1. How far apart, in nanometres, would the label points at residue A:291 and residue B:291 be if each is projected 7 angstrom from Cα along the Cα-to-Cβ direction?
2. Amide H of residue A:323 versus every other amide H placed in the peptide plane: which residues, excluding those fewer than 5 positions away on the same chain, fall under 5 Å?
3. Can you give the local net charge around residue B:8? Use residues other than it whose beta-carbon is closer than 12 angstrom to its beta-carbon, Lys and Arg +1, Asp and Glu -1.
4. How high is the relative contact order of region A:3-156, in percent, with contacts defined as C-alpha pairs under 8 Å that are six or more residues apart?
5. Counting pairs of alpha carbon atoms under 8 Å apart in space and at least six apart in sequence, what relative contact order in percent does region A:134-287 give?
6. I'd like the mean, over residues of B:97-103, of how many other protein chain beta carbons sit within 10 Å of each residue's own Cβ.
7. Can you pull the one-decimal nm distance between simple spin-label points at residue A:275 and residue B:62, each 7 Å off the Cα toward Cβ?
8. Where Rh is the Kirkwood radius over the Cα pairs of region B:211-344, the temperature 10 °C and the viscosity 1.306 mPa s, what D in µm²/s does Stokes-Einstein return?
There are 2 protein chains.
Amino acid sequence: MNTVYIGQDALHELQDLLHNKAFSKVAVLVDENTLAHCYPLVKPYLPEHHLIQIQSGEAHKTLQTCEYIWQRMTELNLDRWSVLVNLGGGVIGDMGGFCAALFKRGSYFVQVPTTLLSQVDASVGGKTGVDFKGLKNHIGVYKEPVAVFIYPDFLQTLPQREIKSGYAEIIKHWLIADAEMFEEQRHIGLFTENWEELIRHSVAIKSKVVEVDPLEGGYRKVLNFGHTIGHAVESYMLEKPGRELLHGEAIAIGMLCEAYLSVKKDLLTKDALDKIETFLVSVYEKVPLTEDDIQALSRLALHDKKNTGATINCTLLQRIGSAVYDQPVTLPEIQEALRYYSLL
Amino acid sequence: MNTVYIGQDALHELQDLLHNKAFSKVAVLVDENTLAHCYPLVKPYLPEHHLIQIQSGEAHKTLQTCEYIWQRMTELNLDRWSVLVNLGGGVIGDMGGFCAALFKRGSYFVQVPTTLLSQVDASVGGKTGVDFKGLKNHIGVYKEPVAVFIYPDFLQTLPQREIKSGYAEIIKHWLIADAEMFEEQRHIGLFTENWEELIRHSVAIKSKVVEVDPLEGGYRKVLNFGHTIGHAVESYMLEKPGRELLHGEAIAIGMLCEAYLSVKKDLLTKDALDKIETFLVSVYEKVPLTEDDIQALSRLALHDKKNTGATINCTLLQRIGSAVYDQPVTLPEIQEALRYYSLL
């Protein structure tokens, strides 16, 4: 397990690490947003470094962007003892980690997640990768960063929509592992004043799961709750100009659909579903889905990484605070769940 | 360390493995040569499987070819429990291993090396990867195959030029680890009648080195003898239509240049260099190098993975049968070594 620093001291800790380890070179990966809003906050803590800038957004999480990053790393004469500082959200973290992991068969990287989503999710667990032909994270490797630095003040640079997106993964962590927090927080919702504490709690849940099963042989799949259908929704909408969803927005839809399936399979009570539904609908705007969307989405879900052959294996809830993985779900069931959502 | 099967039984062992493990699907990666000459020999031993065919040659060891392989793997509905059987030389083995290692963050693969070169080198040690903008194996990961199956009869399908190419890595193994074998075999050369034994001996040397230092933190670099300059020669010639060299042909040049540098740095005796020179020149045709070639080649060597910053770290010989790694070599020294070769 890598070290995760959370709090006001995080940037000092980053400074210490870059100072104390003998990296040959330091490069910082940014997009236009983190260059404008986050890089000025981090720069005073950095030693001499190079900048590599890419375009923001999931649409750029591709091998083509990786080729650009590798070309820049090559031009800057980075080597196996260099470190890439990934300053950004999940796209920068996943893709920067991937590029560092593969450059000359493995150079170093640290994660400095700047969105709530990447702070509570992408920065922990060692998953790196890119999308491929519309399939989310289809190409990737497991590789831990040297360390993760979570600076909560970055959240003040984020639009509300980004906060909501990250909040979905926080909710997911409650749903799969902490019923008490769910019960307490569902009444507070986005009005919380203690993000640092929520982040710490979420990172702790995720770290504990990943520690038990780093390569997702089994138990780690509990983290996939909401993601089998959610990833399909996210990939699908990415191809529909004007309808693109943020990751957490898609996962919120996935969680509703998969909670519905949990009831249908007699794992979860209708009462629990109602609570989840009321809460999620109060936070996330409804996304209209046509019958054509539902057909295409359900087929897309079949390509999800978490499937064996033609069966769709899903993580479902057995109660609020506890998930079960590898639950086989059929294509018609996925369609039914999407219809349930579209009729909410 | 993965299991390596060498000998007439290798294809039976492959059959047993594919039969005894519960892989979800089997796909075989071939090029036009291995499809024609090797696949017919292997097919009787395979369960139901799919074929993925790419074009042969180092020029196709690129991310673009990987994208094609990943697209085919996706279309065939392969998943994380599938196995890719890499039937071919170093390009197929390195690139197929790379594609399997990254597909859905890690599926399975086995190596069935069909060239002498890949049997004694690429199939052992867990290095996978592709070339990038003319730089050899610039992008890659360490990932061990499930097992390696070395069937010596494939050698009968190879042109003499391919045999010579693989023979260079065998010679390298003697030069870095077994003076006695070098002394014995340099008089026999390509007239040997016991390839299976030479392969077994070479695989044993390489396996022993890799076991000590799998991620090339230090000691494994002894295997890079001949490769700092050799890789530069190989990459450079790849861009010169009509002058392309096979890997071992380039490494033979690299070994001569680096043996020369070993003498220049008072590590190796002139007498030892003469022995190496006489033997290598008797096996490998001289490749003409102009002054322009030498300038370009020496600059290219600076980008080699095995360097820190502007220093070129080279593996040199301290005597026949023993190598030392991380020997700093300057640009003018590389140029001098290439001139030595060009004037042989």
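1. Going by the 7 Å Cα→Cβ label model, 7.9 nm.
2. Amide H neighbours of residue A:323: A:318.
3. Its environment carries a net charge of -4.
4. Result for region A:3-156 is 27 percent.
5. So the answer I get is 25 percent.
6. 3
7. Output for this residue pair reads 5.7 nm.
8. 107 µm²/s
The values are calculated or read from the model by the stated rules, or taken from the named source; none is laboratory data. Nothing here was measured: the structure is a model prediction, and the numbers come from that model. Because the Cβ atoms are built from the backbone with ideal geometry, glycine has one as well, and the counts that use them run over all protein chains shown. For the accessible areas, the whole protein counts, side chains as well, though only heavy atoms, and no ligand, DNA or RNA atoms are used. Shrake-Rupley method; radii C 1.70, N 1.55, O 1.52, S 1.80 Å.
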